[in-house]
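The block underneath contains the structure these notes are about, expressed in structure tokens.
Any read-out appearing in this document is the output of simple, stated calculations on the displayed coordinates, not a laboratory observation. Every value quoted in this text rests on a predicted model; they were computed, and no experiment measured them. Here Cβ is always computed from backbone atoms with ideal geometry, including for glycine, and neighbour counts include all displayed protein chains.
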Amino acid sequence: MTAISTAETRWAATRKANRLRSIHYQLDLMSNLVARDMKLRYKGSVLGLLWSLLQPAALIAVYSFLFTRVITLDIPNYVPFLVAGVLPWNWFATSLDFASDSLLANRELIKKAVFPSEMLMVAAVTSNLLILALGTLVLLAFLVVSGIALTPAALFLPIIVAIQYSFTLGLALIVSMLNVYFRDIRHLLGVALFAWFFLTPVFYDEAQVPAAYHGLYVLNPMAHIINFYRDVLLFGRIPNGLLLLQLIFVSAIVLGFGLTVFRQHKSGFAEEL
Amino acid sequence: MRTAVEAMGVWKRFRWREDRPRNLKESILGLSRRRNGGQEFWGLRDINISVAQGETLGLIGNNGSGKTTTLKLISGLMVPTRGSIRTADRVSTMLELGIGFQADFTGRENVYTGGIIAGLTRKEIHEAFPKIVEFAELEQHIDCPVRTYSTGMYMRLAFSLAIHIDAPILLIDEALAVGDRSFQSKCVDRLFQIKNEGTTILLVSHELKMIESLCDRVCWLENGRVRQIGDVGEIVAAYSSQERGAGGAPIGAQARSANRGQRKLVMGESRWGSLEVQIEAVKLRDESGIEKDTFEAGCRMSIDIKYRRYSAVREAIFQVGFSQENGVKCLDVNTWADGIPFRELDDRGCISLSIDHLHLSEGIYTIDVGVYSTDWAEIYDYHWRAYSFEVFSRSRHEWIKRAT
């Protein structure tokens, strides 16, 4: 009896010592995977990181032409308004697209190395966040040109980014896990993101939506998140406290759920891939 | 003694599937079909292994016997279907070399990525980095993309990284089977060093010599079960004799054993002579008269040559030669030179050469046998490199010393 319990304690003690090291390790792993992501993406291309901005830039150019000249939406300062919507949406959609393929793309690692594979999703979301950060600099330039000054409300920006981060990561974990078992999840995701894009006020204002459809928007976390970005950056409005708390709650639940299902299934990845 | 790794009643089931990737539609429509479809088999059955801290355990067995699966389960890459596995400390696994390497990245970048994937922190890699580069002998090229490396350079870097991953428990799967001789012996030296530092090692290898020299205990797996676990010399000997017996030899050993035993004789290629006297069979026996093709260095060996006379030839010279694999002759004896008086040949008879102490270094040797006329003018029958045998040495570390 005694022998067994001492062994148990020793086992537990080493675990504890390793846990401290493990936090350190996970950070190193994440930063390495992010760096690897970025380097792989732009290795050999002349414009490098700028490419990641050109795609949203093209979208912004086309949409601002369309909705200020062709179909007038009548939104003041439309370009900054559009940029403040397109950039976060781009972060969200690209991260999910990346993540859905990430386990398959890194199949060799999953099959042959032992490491926390959820870090691949963290890396996918984080490397796209870096692109958002870069884009935000561009947005700030637009704000200056349009004569919009930042207010203290902009201090809420990190909270909103954090909400979007955990919401995206949670979905990324679920999607990537499903894609291991059902390979057509990736295609389904493309369709879903397309619909989701138009049902989120990215290039239009939620206020223009007929009241009958408001319910659709209330249940869409991305709609609230994008509204918040505009609130704090463009309009200098402090976000609605209750709504903010609800969003924090929802994104935490999504992240928790994502982590749980991912961890439940990841032991099968090495065999399934 | 503290236990480092413990596998208790571990079973692992695998499923064969005809077509792996499914889609949503299939899995919704085909639920019932899938349930009874798909063949299942047990990859591991009731494995009980306990490895003490600082111990080196060798895993041997034929392909498909469950060695790699065992390592994957211990490393946590897979979970057992039944039973439990416990590891007392951090485990590092070397299932393959160069995991996580990217051709476009420099040697330096790859060492960092590979090291992190293998479980090291950035700081740990940073500390080991100079040693890794030095060991790989790549100081000049470490900042070049690895796609510009030769295969040898790439492997050296991957080896060097693998062998500098210091974890309390190390799992190695065949990783050292490649590389040139001198680099291999360097790796083995380093493994001894790791072992002496108190690391617990589980080593899967078909290189029985390496198993014998490195391991404290051996576990012999067969069809997913532990056949025998314990003394290194005993189990390796039992395994290698069985490996040659049944047809289920591992691929590597099969290739090797193809060199042993008897080769097909083809006139003009491996056989010459008038065939007035024919060599019908050549048998190698040990001290107790048992037919064998593997001998321990220093032991007794006898070679029986069975002949048959087809003409009126009355006397003949018999000759036996040994060559190393590279063709270098290391023994050439005949009845004439040794002054053995001619004896009238029987219609069918046997002549025997006894070697009291087979003092040959480890390796594979081929045998030539010949029958000649008493004046050497005529070859009756000559079998060129038609038979072979292997010499092994029981003294554990001898081959390493020789290699360095």
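One table, with the values for the structure above:
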read-out: Top of A:50, A:140, A:178 by mean-square fluctuation, Gaussian network on chain A, Cα under 10 Å; value: A:50
read-out: Other protein chain Cβ atoms within 10 Å, averaged over every residue that makes up B:92-101; value: 3
read-out: Region B:296-404: trypsin sites (Lys or Arg not before Pro) in DSSP loop, at most 12 other beta carbons within 10 Å; value: B:314, B:343
read-out: Packing-based ranking, highest mean first, of B:2-12, A:148-158 given that Cβ atoms within 10 Å are counted; value: B:2-12, A:148-158
read-out: From phi via Karplus (6.51, -1.76, 1.60), per-residue ³J(HN,Hα) for region B:197-207 in Hz, x at Gly/Pro; value: 6, x, 6, 7, 10, 10, 10, 9, 7, 8, 7
read-out: Inter-part distance where region A:54-121 and region B:60-115 are each reduced to a Cα centre, Å; value: 35 Å
read-out: Residue among A:22, A:64, A:102 with the largest mean-square fluctuation in a Gaussian network model of chain A, springs linking Cα atoms under 10 Å; value: A:22
read-out: Per-residue average of Cβ from other chains inside 10 Å of B:70-77; value: 3
read-out: Derived scalar couplings ³J(HN,Hα) [region B:282-288; Karplus, 6.51 cos²θ - 1.76 cosθ + 1.60; whole Hz; x for Gly, Pro]; value: 10, 10, 9, 10, 8, 4, 9
read-out: Axial C-alpha extent at least 24 Å, average Kyte-Doolittle at least 1.0 - helices from chain A (DSSP); value: A:118-146, A:157-181, A:241-265
read-out: For the protein assembly as shown: span of alpha carbons on each principal axis (Å, largest first); value: 120, 64, 57
read-out: Sum of side-chain charges, residue B:377 neighbourhood, beta-carbon under 14 Å (Lys, Arg +1; Asp, Glu -1); value: -4
read-out: Length gained when the stretch residue B:193-residue B:340 is fully extended (0.36 nm per residue, less Cα-Cα span); value: 47.5 nm
read-out: Cβ-Cβ FRET estimate between residue A:69 and residue B:123, R0 fixed at 51 Å, reported to 0.05; value: 0.35
read-out: Protection proxy ranking of B:216-222, B:232-238, B:284-290 - average other beta-carbon atoms within 10 Å, highest first; value: B:216-222, B:232-238, B:284-290
read-out: Peptide B:108-117 - average C-beta neighbours from other chains (10 Å radius); value: 4
read-out: Per-residue [θ]222 nm for chain A (sum of -39500 (n - 2.57) over DSSP H runs n ≥ 4, rounded to 500); value: -25000 deg cm²/dmol
read-out: Packing-based ranking, highest mean first, of B:157-166, B:144-153, B:97-106 given that Cβ atoms within 10 Å are counted; value: B:157-166, B:97-106, B:144-153
read-out: Column: log10 I(q)/I(0), Debye, Cα scatterers of region B:277-404, q = 0.11 Å⁻¹; value: -0.42
read-out: Residues residue A:273 and residue B:354, FRET efficiency given R0 of 51 Å [Cβ-Cβ distance, rounded to 0.05]; value: 0.30
read-out: Mean separation of Cα contacts under 8 Å (6+ apart) over length of region B:261-392, as relative contact order %; value: 36 percent
read-out: Residue exposure sequence - B:78, A:38 - by fewest surrounding Cβ within 10 Å; value: A:38, B:78
read-out: Summed residue charge, Cβ within 14 Å of residue B:173's Cβ, Lys/Arg positive, Asp/Glu negative; value: +1
read-out: GNM result for chain A, Cα springs below 10 Å: residue of A:250, A:114, A:144 fluctuating most strongly; value: A:114
read-out: Simple label model, 7 Å out from Cα along Cβ direction - residue B:48 to residue A:155, nm; value: 6.6 nm
read-out: Proximal charge balance of residue A:156 [Cβ under 10 Å; K/R count +1, D/E count -1]; value: 0
read-out: Residue A:54-residue A:101 pseudo-label distance in nm [points 7 Å out on the Cα-to-Cβ vector]; value: 1.8 nm
read-out: Sparse-neighbourhood loop sites, trypsin sites (Lys or Arg not before Pro) in region A:200-273 - DSSP loop, at most 15 other Cβ within 10 angstrom; value: A:237
read-out: Cα-Cα separations in region A:42-95 greater than 14 Å, expressed as whole percent; value: 59 percent
read-out: Distance in nm between pseudo-label sites at residue B:14 and residue A:35 (7 Å out along the Cβ direction from Cα); value: 3.7 nm
read-out: Principal semi-axes in Å for region A:21-165 [√(5λ), Cα gyration tensor, largest first]; value: 34, 18, 13
